[in-house]
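What follows is one structure encoded as structure tokens, with my remarks underneath.
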Number of protein chains: 6
Amino acid sequence: MRIVDMNWMQVEEYLRRDDRVVLPIGSVEQHGYLSLGVDAILAGRVSVEAAEPLGVPVYPVQPYGVTPHFREFPGTLGLRVETYAHVVRDLLDGLHGMGFRRVLLVNGHGGNQSAASVAAEWVADHPDARVRFHNWWNAPRTIAKVASFDKAYSHASWMENFPWTRLEGIVMPEGEKPMADMLRLNLLNPREVRAYLVDGNYGGRYQRPDEEMLAIWAEGVAETRAAIEGPWE
Amino acid sequence: MRIVDMNWMQVEEYLRRDDRVVLPIGSVEQHGYLSLGVDAILAGRVSVEAAEPLGVPVYPVQPYGVTPHFREFPGTLGLRVETYAHVVRDLLDGLHGMGFRRVLLVNGHGGNQSAASVAAEWVADHPDARVRFHNWWNAPRTIAKVASFDKAYSHASWMENFPWTRLEGIVMPEGEKPMADMLRLNLLNPREVRAYLVDGNYGGRYQRPDEEMLAIWAEGVAETRAAIEGPWE
Amino acid sequence: MRIVDMNWMQVEEYLRRDDRVVLPIGSVEQHGYLSLGVDAILAGRVSVEAAEPLGVPVYPVQPYGVTPHFREFPGTLGLRVETYAHVVRDLLDGLHGMGFRRVLLVNGHGGNQSAASVAAEWVADHPDARVRFHNWWNAPRTIAKVASFDKAYSHASWMENFPWTRLEGIVMPEGEKPMADMLRLNLLNPREVRAYLVDGNYGGRYQRPDEEMLAIWAEGVAETRAAIEGPWE
Amino acid sequence: MRIVDMNWMQVEEYLRRDDRVVLPIGSVEQHGYLSLGVDAILAGRVSVEAAEPLGVPVYPVQPYGVTPHFREFPGTLGLRVETYAHVVRDLLDGLHGMGFRRVLLVNGHGGNQSAASVAAEWVADHPDARVRFHNWWNAPRTIAKVASFDKAYSHASWMENFPWTRLEGIVMPEGEKPMADMLRLNLLNPREVRAYLVDGNYGGRYQRPDEEMLAIWAEGVAETRAAIEGPWE
Amino acid sequence: MRIVDMNWMQVEEYLRRDDRVVLPIGSVEQHGYLSLGVDAILAGRVSVEAAEPLGVPVYPVQPYGVTPHFREFPGTLGLRVETYAHVVRDLLDGLHGMGFRRVLLVNGHGGNQSAASVAAEWVADHPDARVRFHNWWNAPRTIAKVASFDKAYSHASWMENFPWTRLEGIVMPEGEKPMADMLRLNLLNPREVRAYLVDGNYGGRYQRPDEEMLAIWAEGVAETRAAIEGPWE
Amino acid sequence: MRIVDMNWMQVEEYLRRDDRVVLPIGSVEQHGYLSLGVDAILAGRVSVEAAEPLGVPVYPVQPYGVTPHFREFPGTLGLRVETYAHVVRDLLDGLHGMGFRRVLLVNGHGGNQSAASVAAEWVADHPDARVRFHNWWNAPRTIAKVASFDKAYSHASWMENFPWTRLEGIVMPEGEKPMADMLRLNLLNPREVRAYLVDGNYGGRYQRPDEEMLAIWAEGVAETRAAIEGPWE
């Protein structure tokens, strides 16, 4: 259940019977021809759909993450690493303060990985609580489903092209882009990253049939739901 | 236009002809019987509607703000003052880095006021840019429209009860709550604030006719649009 | 009583019978023809005079606040927003540590407003204490007294021209300066602020008769004293 | 000349012919029977008297420094080490921004020593500026003058008992307190420090004749003046 | 070449002909029966051996990293995530300031991963420099060599048991420990982590023949050397 | 005993019978013709030799300290003052967390002095613990031994030229360098510091007989050992 569909009395009531909560974290950054909001949209949506039948509340996605790499692609907007650490810590503090004890961080963006370090440290400081850091898109079952359709997948490729991340009126290129050399990409500065990637896709096709995408989505939702269900010990 | 409805090529194209942008900032906190997301919902929505005919892009609302006062109402979730300062600064840095020069911060929450200080300092450090801090809900024309219907308005009262902030299945109390004593309220700690406010409404009726609410909304949208249009000097 | 007129044994003795304390906060910044220290001088002095008959101790004014706007008027000297948040938090921590439980922050500068956010957060973290944030110069009774003499008042105008803020040998301009457009002023960067304001006065006369000033002062002292007296619940 | 006795036009005029400035930094902390403000009072006053004949402006003393050691003596109020570093950095930034290039930091408190590290780092970042860190009370000539009267001097002893730091109605103890063991004192926590020091004096007499104190003061003023005069290379 | 075997004149001379440098980062934390310094020892040593024939200087290993997870195993000592971010940033700033432009961060500890985020951000801010983040122990060739001997390897298992990380007089247990469940381990707080791991080994044998270890080491050195050699574009 | 020669079980066992620990802190910076690591090498080594017969564990030296002054001598690498404060605080927190209650900080670098302020503040926050800040090289007995051989000693002079800090193949200059003017040196920016010092030695001979150096070393070790032994009250 979305927190924005609840008032405080309902959260209080929920906390009398359960202490699980979902906090999605995303990013606003270039995704080639797709929406700048891909990571925020997907992390938020997968959380809501996963939590729905369980009645576990889902907080609004923290839309801004860490994305210095894509700074030269206009529209990309993020936070500095230290700022992000403080944001994650404050949000965990707040959730703990109101009584949540099992937090699923549903992450939609690889660059947010430092949040996992913060969460580990926070748990060490709050031994009565648990935080599970869940990269929904590359959790084992979901990424296996992706690979089952096409082994050439990557950032901003078909793998992120869902009906809810593609844009009206934008036509996807045909064909398959050669895979970027990740070792090289990791060395480049933002200007070079842009020059190297051209359109932002790291490699692979730009679109695949929607039945495949919906199957991937179903797996992502199911796997995220399993993470909410536990076990938590 | 929502940034999530754009890709980076479209932002780049926009920046060739305009340098205005809207960044809404909200809060997730108790609003009595209404949604915990009132401030985030309204700041985001008023921004999108205001910017729409102008074609100015609107970033996703930063949902988490500063709200220590309501900490004892479950569901309320915010950031510490210093964290928030860093968030606002990083976002302004990022907008500036990609070429925006006129930023409208559309604020939906009184507790975020320190963002105005950060913005003033940021402008002093970036003299080629402008930031207008716009408290949409108490801008002169909008608050006058509110007062024209009923002088007893406040946090979590009818004034924030729009079709898009009320919750399904939640029935509003009848009658008018006496106004809280703000001087006293400002002195209380979170536990006392909760005990004093009981349901969270600061005073006034809980609901008023939708035609009044839509008139207020229209004024809020129009006034926010005027803020985007300028003048910016 | 001024803390600088006390030794630690006297503070200890005081804390056995009372837990109120006054901490004035000011700014060092352009005030047109008046002293650069106006805000620090007035916040400190009004605190001392208000507290005197009550025997409540008054700490030295924290002279440096947040004032990026006036950076291009030489002499102006302040702290960054985050630094200021830490200063306010540390001072409140220290007062609490020694046993004070009711703190009156007497603020003399609009730009310090973020201190009120910090204080609210600090109180939420220290539920056994109270902090009242008191903008002495625009508290209801004091600002009404100002307006009773002349409705055209502003930063660096006659309203701040007391015998103890004017400078020897400096002759005030005659006449009344037209009011600055605040919406426009808030958009300007420091260089533009200076160009727009010329001498620093925001509008209104530069001086008014001392009997009026002393009447305003008496009201400011009385209203600040009332804030010390309480009620504190 | 005190900055509070100047307006911005006068600072601007001064900066056309000179770029030296004095910033005193003090502390508010126990000084035995003497004023809690000893370090702030003395740093401020020695600066003003030293600078007076040279026409160099003196900023208001930053009254709050670093003083964790005396936390258990009520009245003591300070900042954390990191906060203080930010305060010193911000003030140096501000002075540099308005055109000062030679800054004398007149320090009145041993616990503020980390400000010297910050100043050294700041100078490394601002190679067009100079900062001289001047511990006025133990500069070579001044401390020699102190020792010429009585070798048993220390914190809160006669050495800090000037007509402007002693308190009305407070009678000083007779006799000479044995010197504290500094190695031991440095190991103690605040509670133990208080138990060990009892009245706060580190050792030595509590008062000496005023002609001696005035001679010390004259030396302190002269040596601080010499530090303002230079050489600065 | 180790920086501690150089003086500044030699570094200056080196910088005239090359701009590569190696900075190893480690951790001090439980490694079962092995040295608490395993990660620092290995990162430092592999760097020195790799760089030796290339003449590229190697800075002393930063021994303290991020390791909240092992807090309940005595001896473990680390830094907070934000502190670590500042350490990495400062060191990169310093290397850049003296003229290095290609930095190999040789990391010996998984918990330091947030340093990679900091490095990416730093590169975005310093587009004239490159930083390669190299987890030496799980770089492709090295981890393949490990797996070629025994697929059951993990933290504190035989895989980290080199002649220079084992301790005199400590006898390793016989047999193979069952692999820990990583998903579960990631959920536990430090007390639970200790209870679950018992001796600290995550699973696998405690020791294997030294010829295997030396073969792994040779691969690790060779692969790290290749990372220093480049390509760097 | 070096922590890197222990595993966690051994630290746990030690903590059952003692709560003393040694943490050396150094610097990597120019030392004229000597190793860039002089301060780290000496602080680490003196700690290990001093603690050895007492069986007190010695942590790895924190090699990077605060050294902005020498920034223009290539090879010098340090941390910012605030970063360093956080490092020292985190390490003290960690030592306290695992049960150490008496910490000897063995400092090898004058520029790290702000660590003493942090330690004092930390002790005030942790009244059950003690921290002794020990500048090993200018502790009374050691510096007296230095002066007994030659009164002209300084940074990077013979006084720091031990068999374990001098470099293979580097020939020391003959003769005695005139002493630098410290007051002047403290005013200079990094470029000027380098121009003024030329080779980095602050004054005095470059080398003296090894029997003298070994006598100094023996005194340093003995005096550091005494600091470990106590008394700690």
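Bear in mind these aren't lab numbers, they're just calculated from the coordinates by the rules spelled out. It should be emphasised that the depicted structure is a prediction, and the values quoted were computed from it without experimental measurement. Quick reminder, even Gly has a Cβ in these numbers, built from the backbone with ideal geometry, and neighbours come from all protein chains shown.
So here's what we get for this one:
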| read-out | value |
| --- | --- |
| Average other protein chain Cβ within 10 Å of Cβ, residues E:21-33 | 2 |
| Whole-angstrom gap from the stretch A:169-197 to the stretch D:133-203, using each part's C-alpha centre | 69 Å |
| Inter-copy label distances at E:E12 (7 Å, Cα→Cβ; nm, one decimal) | 4.5, 4.5, 5.3, 5.8, 7.1 |
| Charged-residue dipole, Cβ positions (Lys, Arg, Asp, Glu), the protein assembly as shown about Cα centre, Debye nearest 20 | 0 debye |
| C:V171 paired with E:N138, simple spin-label distance in nm, labels 7 Å along Cα-to-beta-carbon | 7.9 nm |
| Mean projected area (nm²) of the alpha-carbon convex hull when the protein assembly as shown is viewed from all directions | 51.8 nm² |
| Considering only the protein assembly as shown, percent of DSSP beta bridges that pair antiparallel, nearest 5 | 20 percent |
| Of D:A180, D:W232, D:N138, farthest towards positive along the dipole that unit charges on Lys, Arg, Asp, Glu beta carbons give the stretch D:128-233 | D:A180 |
| Closest-to-axis residue of chain C (Cβ criterion, axis taking C to E), whole Å | C:E82, 7 |
| Lys/Arg +1, Asp/Glu -1 at C-beta; the stretch F:174-223 dipole; positive extreme among F:N189, F:A218, F:Q207 | F:N189 |
| The stretch C:11-141 - share of DSSP beta bridges that are antiparallel (%, nearest 5) | 10 percent |
| Fraction in percent of alpha-carbon pairs per bin - 10 Å, the stretch D:1-125 | 13, 42, 32, 11, 1 |
| Translational diffusion coefficient (Stokes-Einstein; Kirkwood radius from C-alpha pairs) of the stretch C:144-207 at 37 °C, 0.692 mPa s, in µm²/s | 260 µm²/s |
| Average partner coverage of A:218-230, which counts Cβ from other chains inside 10 Å | 0 |
| Reduced Cα scattering model of chain E, Debye log10 I(q)/I(0), q = 0.07, 0.12, 0.15 Å⁻¹ | -0.23, -0.67, -1.02 |
| Nm distances between copies for F:N138, ranked from closest, using label points 7 Å along Cα→Cβ | 1.1, 4.7, 5.1, 5.1, 5.6 |
| Cβ-based exposure ranking for A:M9, A:M182, in which fewest neighbours within 10 Å come first | A:M182, A:M9 |
| Dipole magnitude of the stretch F:1-135, debye to nearest 20 (Cβ charges: Lys/Arg +1, Asp/Glu -1, about Cα centre) | 160 debye |
| Only Lys, Arg (+1) and Asp, Glu (-1) charged, at Cβ; the stretch D:99-233 dipole about Cα centre in debye | 180 debye |
| Protection proxy ranking of C:71-78, A:203-210, F:31-38 - average other beta-carbon atoms within 10 Å, highest first | F:31-38, C:71-78, A:203-210 |
| DSSP H segments from chain F that extend 20 Å or more along their own axis, Cα-based, with Kyte-Doolittle mean of 0.5 or above | none |
| Inter-chain shielding of F:186-198 (mean C-beta neighbours from other protein chains, 10 Å cut-off) | 4 |
| Inter-copy separations for C:Q207, label at 7 Å along Cα-Cβ, nm, ascending | 4.4, 6.3, 7.7, 7.7, 9.3 |
| Cα-projected label distance for F:M179 with A:D5, points at 7 Å along beta-carbon direction, nm | 8.0 nm |
| Peptides ranked, highest mean first, by Cβ atoms within 10 Å: ranges F:144-150, A:173-179 | F:144-150, A:173-179 |
| Inter-probe distance in nm under a simple model that places probes 7 Å from Cα toward Cβ, at D:E211 and E:A195 | 7.8 nm |
| Relative contact order of the stretch D:64-165, pairs being alpha-carbon contacts under 8 Å that are 6 or more residues apart, as % | 23 percent |
| Chain F, relative contact order [Cα under 8 Å, separation at least 6], % | 25 percent |
| DSSP bridge pairs, chain E: antiparallel proportion in percent, nearest 5 | 20 percent |
